[in-house]
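Peer 1: Would you mind keeping the following structure in view while I ask a few things?
Every number here is computed from the coordinates shown, using simple stated rules; none is lab data. Remember, it's a predicted structure, so these values are computed and weren't measured experimentally. We place every Cβ from the backbone using ideal geometry, glycine too, and count neighbours over all the protein chains shown.
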Amino acid sequence: MSFIKTTEQDSKYNHLEKMNTRELLENINNEDKTVPLAVEKALPQIEMLVDQVVSKLSNGGRLFYIGAGTSGRLGILDASECPPTFGVSPELVIGIIAGGDNAIRNAVENAEDSTNQGWEDLKKFEISSKDIVIGIAASGTTPYVISALENCNANNIVTGSISCNLNSPLSQAAQFPIEVIVGPEFVTGSSRMKAGTAQKLVLNMITTSSMIKLGRIKGNKMVDMQLSNNKLVNRGTKMIMSELNLPETEAKQLLQKYKNVRLAIQNYNNGKQ
């Protein structure tokens with residue numbers, strides 16, 4: 001199978017420095033509009049990977065994202081949003097980036113080029129065949145990520161990937177690859193743009209659909225969210241008011257007592273007010 005790195009191909013736009021602000025914004029926006037359509041074409045691949053994630057998490061496993069640069073940061077972002085959104089343990093979805101925590105804010109020279117550090121970073125979490133690992137790399141050529149998946153495969157750990165080139169080395173290393181072909185970037189090679197947006201959309205799909213299938217959403221509400229600020233307390237109160245047809249004062253008292261929307265509703269329905 002041929003491999004063409006379309007994420008690195010020359011932009012169809014040129015002389016960007018001569019464009020006025022409105023022209024720049026319109027052209028960036030026009031390119032961004034193509035991303036959801038590219039994601040749509042990958043839905044069958046996303047579906048297969050989500051089913052694997054749900055199976056592993058249902059049986060006591062964990063989901064790992066591993067990437068470098070923008071891709072690694074996006075994985076960490078998605079993982080970090082799961083506990084407050086779905087009320088799960090921070091140890092259920094884990095993001096790993098080449099270069100360690102320092103790389104979240106700063107570029108770490110040559111970190112993505114290592115062919116053994118990805119697996120070493122995964123081993124720190126005592127990873128096992130109960131878990132699932134998704135490698136993220138826009139180009140699909142990042143050695144740190146590819147070697148991590150190859151080692152996972154050798155250790156009977158299910159692997160998936162998210163990349164933006166067709167038939168990339170990363171896709172070939174993954175058991176369940178996702179390829180979102182967004183084409184050349186507005187700024188040539190700047191894969192933090194369309195490719196990054198595509199990866200974020202896919203990550204949203206993976207965790208959101210997985211958590212729904214794991215029972216972490218009731219109706220369309222985040223009943224297990226962490227009540228970490230006044231906005232979320234008010235949102236939780238309104239959920240209880242709507243679900244139980246209670247006045248605000250009583251709903252808020254229930255929420256304050258049980259510290260969780262789901263528990264407040266369950267206990268009320270079981271007569272434990």
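Peer 1: How would Ser161, Ser58, Ser171 line up from fewest to most surrounding beta-carbon atoms within 10 angstrom?
Peer 2: Ascending Cβ contact count within 10 Å gives the list Ser58, Ser171, Ser161.
Peer 1: In addition: Please figure out what share of the DSSP beta bridges in the chain is antiparallel and state it in percent, rounded to the nearest 5.
Peer 2: Around 5 percent of the beta bridges assigned by DSSP in the chain are antiparallel ones.
Peer 1: Helix 43-58 versus the longest principal axis of the chain: what angle, 0 to 90°, nearest 10, using Cα atoms?
Peer 2: 50
Peer 1: Now a separate question. Once Rh for the stretch 85-189 is found with the Kirkwood sum over Cα pairs, what is the Stokes-Einstein diffusion coefficient at 37 °C and 0.692 mPa s, in µm²/s? Mind dumping the intermediate values first?
Peer 2: Values: Rh = 14.5 Å.
It diffuses with D of about 226 µm²/s by this estimate.
Peer 1: While we're looking at this one, here's another question. Rounding to the nearest 20 debye, state how big the charge dipole of the chain is about its Cα centre with +1 on each Lys and Arg Cβ and -1 on each Asp and Glu Cβ.
Peer 2: Details: 28 positive and 28 negative charges, 257 e Å.
Dipole size: approximately 1240 debye.
Peer 1: Test of understanding: what is the full-extension gain from Lys213 to Leu232, defined as 0.36 nm times their sequence separation minus their Cα-Cα distance?
Peer 2: 4.6 nm
Peer 1: How would Phe176, Phe64, Phe125 line up from fewest to most surrounding beta-carbon atoms within 10 angstrom?
Peer 2: Listing Phe176, Phe64, Phe125 from fewest to most nearby Cβ atoms yields Phe125, Phe176, Phe64.
Peer 1: Give me the percent of Cα-Cα pairs in the chain that sit more than 37 Å apart, rounded to a whole number.
Peer 2: For the chain, the fraction of Cα-Cα distances above 37 Å is 23 percent.
Peer 1: Could you state the number of Å between the C-alpha centres of the stretch 160-206 and the stretch 99-134?
Peer 2: Comparing the Cα centres of the stretch 99-134 and the stretch 160-206, I get a distance of 19 Å.
Peer 1: Sort the following peptides by mean Cβ neighbour count (other Cβ atoms within 10 Å, averaged over residues), highest first: 37-44, 69-76, 233-240, 97-104.
Peer 2: Values: 37-44: 14.0, 69-76: 23.6, 233-240: 19.2, 97-104: 17.4.
Ranked from most to least packed, the peptides come out as 69-76, 233-240, 97-104, 37-44.
Peer 1: Based on C-alpha coordinates, I'd like the Rg and Dmax of the stretch 134-225, in Å.
Peer 2: Cα radius of gyration and Dmax of the stretch 134-225 are 15.2, 43 Å respectively.
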